[in-house]
Amino acid sequence: MTQELRINNNKFIDQTTRLSFKFNGEKLYGYKGDTLASALLANNIHLVGRSFKYHRPRGIMTCGSEEPNAIVQIGNDPSLTDPNVRATEIELYEGLEAFSQNCWPNVKFDIGGINNLLSPLLPAGFYYKTFMWPASFWEKYEFFIRHSAGLGKSPTKPDPDIYDHKHYHCDVLVVGGGISGIMAAKLSAENNKDTLLLDDKNTLGGTTIYQNNDCFKIDDNHTNYWLEKEIKNIKNIKNLTIKTRTSLAAYHGYNYLLAKENITDHLSPDERKDKIRQRLWKIRAKKVIIATGSIERPLIFNNNDRPGIMLSSAIKKFIDFYGVKTGREISLFTNNDSVYETAISLKKSGVNIISIIDIRDKSSSKIVEEVEKHNIKIYWNHTIVNTEGYRRISFIEIMKLSDDGSGVIGKKIKLKTDCLGISGGWTPMVHLFTQSGGKLKFRSDDNVFLPDKNKTPSDQISIGSCNGDFDIKDIILNSNKDVKTFLGIENSSFDNLKVESSKEKMKRNIWLLPSDKPIGKTKPFLDFQNDSTAKDVKLALREGFKSIEHVKRYTTTGMGTDQGKLSNMHALGIIAETTGTNMGELGTTTFRPPYTPLTFGAIVGRNVGEFFDHTRKTAMHNWHVQNKAKFENVGQWKRAWYYPKNGETMFEAVQRESKAARESVGILDASTLGKIDIQGTDASEFLNRVYTNAWSKLAIGKCRYGLMLNEDGMVYDDGVTTRLGENHYIMTTTTGGAANVLTKLEDYLQTEWPELDVYLTTVTDHFSTISICGPNSKKILSKVIPDLDLSDEKFPHMSFKNSIINRIKCRVMRISFTGEHSYEINIQSNYAKNVWELCMDAGKNYNITPYGTETMHLLRAEKGFIITGQDTDGTMTPSDLQMDWIIGKKKFDFIGKRSLYRSDTIRDDRKQLVGLLTDDPNEILEEGAQIVEKLNQKPVEMLGHVTSSYFSPNLNKSIALAVMKSGKKLKGKKFFVPMENKNINVTVTDTVFFDKENKRLNA
Amino acid sequence: MFIINCPYCGERDQTEFSSGGEAHIVRPKQPTELSDDEWAEFLFMRKNIKGIQFERWNHSHGCRKWFNVVRDTSNDKIHAVYKMGEKPPINK
Ligand SMILES: [Zn+2]
């Protein structure tokens, strides 16, 4: 392999370690230290993709995270492939495989390129205008758009990689390891502050680390020499932590920041095994120093998007840092002094510079003089009016600018060139600053938005070029001064540095450079990734869009994965110029996190699969598993749903369980119900206020069902509460409502009624509950607790007894949620599984049948008992549920009482709970199905919907509960439940279907 | 993601707390004597201020205590934290 574009003796590239990689199937070589972009350029590959809309060939344009074009898919393994990776950021490793994203059938012959020829038909808002009509064509459009959209493909299989989260607290966080960041980190750490320094690159030093120009010196040495020494020094400071390959993604309030550390993305697949791939840092810093630097701006001129046209600073980094010549005959185009640094670097490496085109009249800085010494032709006051070359730039055409810069004059000069470096000045990276809530101010001298010191959230500063200092002298001087003030440091080792610099700050700014052709015939690209041109912005303005946010969305400028890092300033400039507005008044669009895309893996970390949420299991869980229960999730709980036997379907199992519970005996694990222990001298008064019914007169040892409302009068939760002693109750809540009920009760106790002497303790996990129901339940209980007198006189329905099973204390309640004679044993959870097994043993001869939540729901529906959250939805009052009997009308007050006679809650056409029977007893309604009266009405009036529906094996017919408008008045009336293929005839009934006289409670 | 200084536990991350909306809305002592409009005022109407707002917060994943917070909703800056029943340290 020969790499004639590669320069030898480069200290950042390890030329002894050759790495092979594949790009679009072609096997190529690079070296350790390369990025994919530098390795491709060393192989003379500029063309890497196609543009989004016109499918124009596009090349590598930058060397960093702002890259708009070189976006690739890494790998093709269905679980590991990574889309939308910037070739300029991914480090080369042995075996890397990358693919261009936006081209079909391949990057060199691209069928979508036809859009380029059709481009007069694809103006701003094209997608909005064209694809909106006719609506029936959308499916075809969507196919077309998706195939040419140019974004990568998501993996199709689960991600096997490991991701991690780390919480980090520090005194000072420094973001960015360029020269100002290094200075800040050193000052901070040397002054006993626990400091964290982050940089997204694999090496520290920013752009200064490869700056060896004679015009810039620190203490009489090249700036890179000085910086290298400093970096070596700071690595030995104890309280300084340095993390490279770590990019700051988001800056939230109170100095809470998120950063993503890449741990293995630069390693070959073999070396990655069993390692954490990425780590998300959640940083809380007392103080933050932003030193994120700046990025170079492109220039906007006709056909400025051809492969081979790059930022001048990128050309410089490729040659100085990666040792790669980006062309053999390079031209440079500028409005400021930066490209002259590139010119000197190129010259040093022996690259032929064709010309420098400078739109300024002149510049008399030291560095320009230096370049002029090399006899490089500089065209002052000229602009590029056109470029040629399809897959790679081949020619540029230049003309002289008119005095006001709005047009071109004179003769066109055509120059051969295979690479063009452009520089439109520099844009401070203020993304993090604005994310944190900082406001920007506009500096019109060089058209930049800067952090406004007066509108900076406390405990942070911006330093270096992200703060608008572009000259090395200013950067060092101001960074030193600002960090000292910010951290309260008196003396610094940087106080007496001797800095030499050259730059002429003058710049001539023309946002849209003129061509000899009318603008309609040109293609001055603004947003390379989203393929919008300066023309599109102008068209949007003509069509009446004025706000920058609207222009952005209409033209899609700045809406790509790069968030317009290169395009935003020019879009603003052109809008300001066209509308005659001041740029500072126009303001910028909003920068939102993340600064660069984050993987979903990094966001979720280890909270995947079984770690996604807590799982709560009852004490009897393993018994349910061993007995083949199917489980359902109720909140975080795993509840036994049903226990299929011998290949039963769910329906068959539930029918069997339901029948057994009524014919002999069933057993249910009810441990998940919320249990709140209530104690205190005001406990009775407290219950009076939180439940709708009266509690003061409940005798010790008795149980009562209670309904809890919200202050708006709507049913919130329900359950049975038992009076254990004079000042002691145990309340049960629904499974899902347990935590919220406790919070709500605490709220009232702490804020509204602090005078009440009441203490609440959750005991949900401490006690397990075994519910035994059915005509034989008494027989089972008498075997398990022989000493307990179970006679109706001694232990009637809705009462409770303290008891002992095998020396373990327990509470036994005689309460029923099924309408059957039943008991609940509450016992300390450690013993619950054992007691459950005792019950199973005792019930052997009675066909004791474990049943799950589904059967429980069916049995209670037969009795018309509601389930809050299923038959209620936060809009049902007790009266809507036909439960007026539970409202203590004589009570002075309770939560929600006043709302029960608001004009809205007393309407009689509210939706009310009813029973529904299908005319065909075998037809089972679908829960959620709508109920109507007339079938041929348009629009059809929907009167309500089905909330619970089952086939009752004990009644041998289907039953349902529903809520219907004015439901209370509809008993006996007939309605329809229209389904996809049929209309089901139903009749409104009472809500109680089974044992209306409640005879079975005492059977 | 701000930090709240729980008056019982000290500084903790916002994720440990839950918000309880506007503070100093006293539940009427005799709701039955209120008209529908007066009751609706208590029940539904909240100010939702942009700027200094008096709020209730609960240290739900900590000591479970309710307390009051004076927060500037435009920048999340917390100006004061005080216990239930205490007078606001800043004039309302
Ligand atoms: Zn607390």
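Quick grid of which residues meet (1) touching a residue at least 24 places away in the same chain (Cβ under 8 Å); (2) out of contact with any helix residue (DSSP H, G or I) (no Cβ under 9 Å at 6 or more places or on another chain); (3) not in a helix (DSSP H, G or I):
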site: A:205; (1), (2), (3): yes, no, yes
site: A:213; (1), (2), (3): yes, no, yes
site: A:224; (1), (2), (3): no, no, no
site: A:230; (1), (2), (3): yes, no, no
site: A:233; (1), (2), (3): yes, no, no
site: A:237; (1), (2), (3): yes, no, yes
site: A:260; (1), (2), (3): yes, no, yes
site: A:265; (1), (2), (3): yes, no, yes
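In the condition set (1) under 30 Å from residue B:83 (Cα atoms); (2) more than 14 Å from chain B (Cβ to nearest Cβ), residue A:759 is compliant with all but (2). Remark: pairs (first residue in region B:25-52, among the hydroxyl-bearing types (Ser, Thr, Tyr); second residue at pLDDT 95 or above; Cβ separation under 8 Å; 6+ apart in sequence or on different chains) = B:32/A:897; B:32/A:898. Closer than 21 Å to residue A:69 by Cα, in contact with a Leu (Cβ under 7 Å, 6 or more places away or on another chain) and of a type in the set (Lys, Arg): is that true of residue A:317 in this structure? Here the answer is no, as residue A:317 does not meet what is asked.
One line per residue, one yes/no per condition, for (1) within 27 Å of residue A:1003 (Cα to Cα); (2) touching a residue at least 60 places away in the same chain (Cβ under 8 Å):
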site	(1), (2)
A:712	no, yes
A:724	yes, yes
A:731	yes, no
A:748	no, yes
A:754	no, no
A:761	no, yes
A:771	yes, yes
A:778	yes, no
A:785	yes, no
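For region A:53-64, does any single residue satisfy the condition of being part of a loop (DSSP other than H, G, I, E, B), over 26 Å from residue A:389 (Cα atoms) and polar (S, T, N, Q)? No: zero hits.
Report yes if some residue within region A:907-921 is away from chain B (no Cβ under 14 Å), under 22 Å from residue A:877 (Cβ atoms) and acidic (Asp, Glu); otherwise report no. Checked region A:907-921: at least one residue is away from chain B (no Cβ under 14 Å), under 22 Å from residue A:877 (Cβ atoms) and acidic (Asp, Glu). Would a scan of region A:10-30 turn up a residue that is assigned to a strand (DSSP E or B), surrounded by 23 or more Cβ atoms within 10 Å (Cβ to Cβ) and modelled with pLDDT of 90 or more? Yes, region A:10-30 contains at least one residue that is assigned to a strand (DSSP E or B), surrounded by 23 or more Cβ atoms within 10 Å (Cβ to Cβ) and modelled with pLDDT of 90 or more. Among the residues of this structure, residue A:680 does not count as one that is in contact with a Gly (Cβ under 6 Å, 6 or more places away or on another chain) and away from every other protein chain (no Cβ under 14 Å). Looking only at region B:50-62, decide whether some residue is under 29 Å from residue A:894 (Cα atoms), modelled with pLDDT of 95 or more, of a type in the set (Asp, Glu) and within 16 Å of the ligand (Cβ to nearest atom). Yes, because at least one residue in region B:50-62 is under 29 Å from residue A:894 (Cα atoms), modelled with pLDDT of 95 or more, of a type in the set (Asp, Glu) and within 16 Å of the ligand (Cβ to nearest atom).
Do we find a residue being buried (at least 17 other Cβ atoms within 10 Å of the Cβ), outside any helix (DSSP H, G or I) and touching a Ser or Thr at 6+ places or on another chain (Cβ under 6 Å) anywhere in region B:33-50? No, region B:33-50 contains no residue that is buried (at least 17 other Cβ atoms within 10 Å of the Cβ), outside any helix (DSSP H, G or I) and touching a Ser or Thr at 6+ places or on another chain (Cβ under 6 Å).
The conditions of being aliphatic (A, V, I, L, M), within 14 Å of chain B (Cβ to nearest Cβ) and buried (at least 23 other Cβ atoms within 10 Å of the Cβ) are not met by residue A:248. Tallying residues that are more than 10 Å from chain A (Cβ to nearest Cβ), closer than 25 Å to residue A:898 by Cβ and not acidic (Asp, Glu) within region B:36-78 yields 5. Within region B:51-92, being of a type in the set (A, V, I, L, M), touching a His at 6+ places or on another chain (Cβ under 9 Å), surrounded by 12 or more Cβ atoms within 10 Å (Cβ to Cβ) and over 21 Å from residue A:455 (Cα atoms) holds for B:69, B:70. Residue-level check: of (1) assigned to a loop (DSSP other than H, G, I, E, B); (2) closer than 24 Å to residue A:735 by Cα, residue A:854 misses just (1). Taken over region A:470-502, the criterion of being in a helix (DSSP H, G or I) and surrounded by fewer than 14 Cβ atoms within 10 Å (Cβ to Cβ) is satisfied by A:485 alone. Could you tell me whether any residue of region A:713-720 is over 37 Å from the mean Cα position of the chain (by Cα), more than 14 Å from chain B (Cβ to nearest Cβ) and charged (D, E, K, R)? For region A:713-720, residues over 37 Å from the mean Cα position of the chain (by Cα), more than 14 Å from chain B (Cβ to nearest Cβ) and charged (D, E, K, R): absent. Would you mind stating whether residue B:40 is away from the ligand (no atom under 16 Å from the Cβ), under 18 Å from residue A:745 (Cα atoms) and modelled with pLDDT of 95 or more? No; evaluated as a whole, the condition is false for this residue. Among all residue pairs at least 6 apart or on different chains, which show Cβ distances below 7 Å where the first residue, located in region A:446-459, is farther than 18 Å from residue A:253 by Cβ and the second is crowded, with 17+ Cβ neighbours inside 10 Å and of a type in the set (Phe, Trp, Tyr)? Filtered contacts from region A:446-459: A:449/A:442.
Does residue A:499 satisfy being touching a residue at least 12 places away in the same chain (Cβ under 8 Å) and outside the structural domain of residue A:181 (by TED's automatic domain parsing)? Taking the combined requirement at face value, the residue satisfies it. Inside region A:811-838, residues that are more than 49 Å from the chain's Cα centre (by Cα) and in a helix (DSSP H, G or I) make up a count of 1. Is it the case that residue B:7 is within 16 Å of the ligand (Cβ to nearest atom), out of contact with any Leu (no Cβ under 9 Å at 6 or more places or on another chain) and either away from chain A (no Cβ under 11 Å) or closer than 30 Å to residue A:903 by Cα (or both)? Yes, satisfied.
Being out of contact with any strand residue (DSSP E or B) (no Cβ under 7 Å at 6 or more places or on another chain) and among the hydroxyl-bearing types (Ser, Thr, Tyr) narrows it down to one of A:722, A:681, A:692, so name that one.
Just a single option satisfies the conditions, and that option is A:681.
Of everything in region A:545-567 that is assigned to a helix (DSSP H, G or I) and free of Cβ contacts under 8 Å to residues at least 24 places away in the same chain, the residue that is surrounded by the fewest Cβ atoms within 10 Å (Cβ to Cβ) is A:550. For region B:10-31, the condition holds for at least one residue, the condition being that it is part of a helix (DSSP H, G or I), within 16 Å of the ligand (Cβ to nearest atom) and either under 15 Å from the mean Cα position of the chain (by Cα) or surrounded by 15 or more Cβ atoms within 10 Å (Cβ to Cβ) (or both).
The values are calculated or read from the model by the stated rules, or taken from the named source; none is laboratory data. Please read these numbers as outputs of a predicted model, since none were measured by experiment. All Cβ positions, glycine included, derive from the backbone under ideal geometry; neighbour counts span all protein chains shown.
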